[in-house]
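Colleague: Dropping the structure in here first, questions after.
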């Protein structure tokens, strides 16, 4: 019975990601997701009792995928630090266009715990990076700069030119060693 639940949950999350990409996360409807996933609305609500919980599931999936990509990139590079892999992966991620994140405000208003997995992920990542460097100041500069870049990208408030993005990433990689 448990594997079936995991499969329907995964199908729902995949369908929600598709619908969110097509219509934007703010326009995501439970009916559209249930239809795309091939489940009843009741089946969707069994796995995700609210739209905010569905959105939180999408965020958790994104964080899991990012963690896996970070591990793979760090393993591929061998000599490259996890910090350098994080900078490159984040910079690449910020180059992809994203829909407006205004939906996040309504998700946070509906469920203040919406940000909990994001905070936990960033805390764990920062702690891991701290354990791998002897230069805390350089790490903090890189971490906060990349998180700022991510925030500008997420909230469609990026004021840097393409050349400035490249310069920022190159400079952070130099700082990271």
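The values are calculated or read from the model by the stated rules, or taken from the named source; none is laboratory data. Here the structure is a predicted model, which is why all the values come from computation and not from measurement. Every residue, glycine as well, gets a Cβ built from its backbone with ideal geometry; the counts of neighbours run over all protein chains shown.
Colleague: Which residues, taken from region 133-158, are touching a helix residue (DSSP H, G or I) at 6+ places or on another chain (Cβ under 7 Å) and under 18 Å from residue 96 (Cβ atoms)?
Modeller: Initial filter on region 133-158 (touching a helix residue (DSSP H, G or I) at 6+ places or on another chain (Cβ under 7 Å)): 133, 136, 138-139, 141-143, 145-146, 149-150, 153, 158.
146, 149, 150, 153, 158 - these are the residues of region 133-158 that are touching a helix residue (DSSP H, G or I) at 6+ places or on another chain (Cβ under 7 Å) and under 18 Å from residue 96 (Cβ atoms).
Colleague: Now a separate question. Please go through region 156-168 and pick out each residue that is within 19 Å of the chain's Cα centre (by Cα) and surrounded by 14 or more Cβ atoms within 10 Å (Cβ to Cβ). First the steps, then the outcome.
Modeller: Our first condition is that a residue be within 19 Å of the chain's Cα centre (by Cα); within region 156-168, this holds for 156-158.
Within region 156-168, just 158 meets the criteria.
Colleague: Now, a different point. Given 20, 37, which one is outside the structural domain of residue 121 (by TED's automatic domain parsing) and modelled with pLDDT under 90?
Modeller: Values: 37 fails: modelled with pLDDT under 90.
Step by step, each of 20, 37 is checked, and only 20 is outside the structural domain of residue 121 (by TED's automatic domain parsing) and modelled with pLDDT under 90.
Colleague: Hey, another quick one. So is residue 57 part of a helix (DSSP H, G or I) and at pLDDT below 90 or not? Before the answer, list the steps.
Modeller: Numbers: part of a helix (DSSP H, G or I): yes; at pLDDT below 90: yes.
The answer is yes for residue 57.
Colleague: Right, another one. Just one of 107, 120 is touching a residue at least 24 places away in the same chain (Cβ under 8 Å), assigned by TED's automatic domain parsing to the domain that holds residue 62 and surrounded by 12 or more Cβ atoms within 10 Å (Cβ to Cβ); which is it?
Modeller: Details: 120 fails: touching a residue at least 24 places away in the same chain (Cβ under 8 Å).
107 is the lone residue from the list that is touching a residue at least 24 places away in the same chain (Cβ under 8 Å), assigned by TED's automatic domain parsing to the domain that holds residue 62 and surrounded by 12 or more Cβ atoms within 10 Å (Cβ to Cβ).
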